[in-house]
Amino acid sequence: MTEATPGPDLLRQEVRKFTPYTAGLSIDAIRDAHSLDQVYKLASNENPLGVPPLALKAMQRAASSAFRYPRSGNPDLVNAIAAKHNVPAKCIVPGNGSDEIIDLLIRVLCRPGQDAVLTCRPCFSMYELQAKLCGAELRQVPLLPDFTFDWEGLLAQAQQNVKLIFLTSPDNPSGYAPPASQLADFARALPPSCILAIDEAYMDFAQPQEAYSLLPRLEEFPNVAVMRTFSKMYGLAGLRLGFGVCPPWLADHLWRVRLPFSVNLIAEQAGVAALQDDAFIAQTLKTVTDGRTLLTNELQALGFEVLPSLANFILMRPKHQFGMDAANIHQQLLCRGVIIRPMAGYGMPDRLRVSIGNEQENRALLQALRDIHTASNAKP
Ligand SMILES: *Cc1c(COP(=O)(O)O)cnc(C)c1O
């Protein structure tokens, strides 16, 4: 006799077949697995200088208020963002990472089984994961061979049931950012049936901003939303804090459906302080810019093809002369305590993504690669 008990059959189809996000490997896991003293993580594009000092102080101050619920509407943070970016407060929605904003946009706009999300391929996996979870169709337009966007292809697809388009600028994993004028032309050419969401997680690293970002002139574009994060330039990835800037009607409805306290009290105060820490931001920008130049030059000399990047990471491909394929290089680096990001999950098994680290981290990566190169060429 079979006894009926609740089990996975109860789950929604989209949930049962869901494959979760693959995060970068953790320092602790690699240290234990390879019995290493020192492990360097250049896999998740975190800030190489750590937490902004002003944010650290703000967190310590806020800690004693942690028994309180955050204030509804996160007014301190919303006002700080509005002032920093010169956008109306009513357009701003903070989230538990910009991942929450991605998820919210899909859920408020796309009807399961009917509407579609359009992205490039390859792209940041979160758009695809949340679209599938929501039961929205996913349509993708391949990037052009030089990793630029296929505007015509995107426009041709942005019809019928496409409700939401995600573009990443600067793009992950290539580091490419289209000129703002191209984004503006694309936004203007779109039918009124869809929203263009521009994920600017790395825009803080692209200078000058006006050349690449539509955020300074967002009021010209009633169909555009922009997402930013505190996880990269602002050094607060572990707190989970990001925000969307969108037309007021959309922001209003994101607020209505957002979990009431998804941005916690400590994160809110840390975010406010991080936005004011100009010295830390300037230092980060210099570290990343200098490190990007150093790594690009040295990696090219070692036998890698390196794409130009406007972000705090670079995408590279070992050439034949390096004598080892990308998967092997990734493994060998792990054994030497350097974590970088393999790109097989993005459909590019021959490439690797490296976050720009601080000077010590960059040197450690280059030394480990030299050691690997020497060891592999010494083989009979
Ligand atoms: C890192 C990253 C984010 C940031 O996500 P958070 O949830 O804010 O940490 C968003 N989009 C892209 C493309 C990223 O690489």
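The values are calculated or read from the model by the stated rules, or taken from the named source; none is laboratory data. None of the values given here were measured: they were computed from a predicted structure. Backbone-built Cβ (ideal geometry, glycine too); neighbour counts: all protein chains shown. In case anyone asks, the SASA skips ligands and DNA or RNA and just uses the protein heavy atoms, side chains included. Shrake-Rupley method; radii C 1.70, N 1.55, O 1.52, S 1.80 Å.
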- Considering only region 184-214, how many residues are within 16 Å of the ligand (Cβ to nearest atom), part of a helix (DSSP H, G or I) and open to solvent by 20 Å² or more (accessible area, probe 1.4 Å)? 0
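Yes/no per residue for (1) in a loop (DSSP other than H, G, I, E, B); (2) open to solvent by 20 Å² or more (accessible area, probe 1.4 Å); (3) modelled with pLDDT under 95:
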{"position": "D146", "(1), (2), (3)": "yes, yes, no"}
{"position": "E152", "(1), (2), (3)": "no, yes, no"}
{"position": "A156", "(1), (2), (3)": "no, yes, no"}
{"position": "Q160", "(1), (2), (3)": "yes, yes, yes"}
{"position": "L164", "(1), (2), (3)": "no, no, no"}
{"position": "P173", "(1), (2), (3)": "yes, no, no"}
{"position": "Y176", "(1), (2), (3)": "yes, yes, no"}
{"position": "Q182", "(1), (2), (3)": "no, yes, no"}
- Looking only at region 96-121, which residues are closer than 17 Å to I198 by Cβ and in a loop (DSSP other than H, G, I, E, B)? G97
- Message: Of all residues being away from the ligand (no atom under 13 Å from the Cβ) and of a type in the set (K, R) in region 236-282, which is least open to solvent (accessible area, probe 1.4 Å)? Just the residue, please.
- Response: R258
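Mind listing whichever residues of region 297-308 are open to solvent by less than 10 Å² (accessible area, probe 1.4 Å) and not aliphatic (A, V, I, L, M)?
Hits for region 297-308 are G303, F304.
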- Item | Residues of region 102-119 classified as within 16 Å of the ligand (Cβ to nearest atom) and open to solvent by 10 Å² or more (accessible area, probe 1.4 Å), total | 2
- Message: Quick check on my filter: what residues within region 273-297 are among the charged types (D, E, K, R) and over 10 Å from Y234 (Cα atoms)?
- Response: D278, K286, D290, R292
- Item | The lone exception for E100 - which of (1) more than 19 Å from the chain's Cα centre (by Cα); (2) within 30 Å of L236 (Cβ to Cβ); (3) charged (D, E, K, R) it fails | (1)
- Message: Name the residue that is farthest from the ligand (Cβ to nearest atom), counting only residues in region 43-96 that are among the small types (G, A, S), touching a strand residue (DSSP E or B) at 6+ places or on another chain (Cβ under 8 Å) and under 29 Å from L218 (Cα atoms).
- Response: A82
- Message: With within 16 Å of the ligand (Cβ to nearest atom) and assigned to a strand (DSSP E or B) as the only criterion, which of M233, M227 stands out?
- Response: M227
- Query: What about D9, is it away from the ligand (no atom under 16 Å from the Cβ), closer than 30 Å to I329 by Cβ and free of Cβ contacts under 8 Å to residues at least 12 places away in the same chain?
  - Reply: no
- Item | Subset of region 309-335 (residues that are aliphatic (A, V, I, L, M) and surrounded by fewer than 17 Cβ atoms within 10 Å (Cβ to Cβ)) | A327
- Unique residue being among the acidic types (D, E) and either within 16 Å of the ligand (Cβ to nearest atom) or closer than 30 Å to D278 by Cβ (or both) when the list is D37, D32, D99, D28: D99
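Within the group A43, A58, which residue is over 30 Å from C335 (Cα atoms) and either touching a helix residue (DSSP H, G or I) at 6+ places or on another chain (Cβ under 6 Å) or buried (at least 17 other Cβ atoms within 10 Å of the Cβ) (or both)?
A58
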- Is one or more of the residues making up region 361-368 touching a residue at least 60 places away in the same chain (Cβ under 8 Å) and of a type in the set (S, T, N, Q)? yes
- Within region 352-365, is even one residue closer than 17 Å to L307 by Cα, surrounded by fewer than 19 Cβ atoms within 10 Å (Cβ to Cβ) and acidic (D, E)? no
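For region 62-83, which positions are among the basic types (K, R) and surrounded by 12 or more Cβ atoms within 10 Å (Cβ to Cβ)?
R71, the sole residue that qualifies.
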- Out of region 215-227, which residues are of a type outside the set (A, V, I, L, M) and open to solvent by 10 Å² or more (accessible area, probe 1.4 Å)? P216, R217, E219, E220, P222, N223
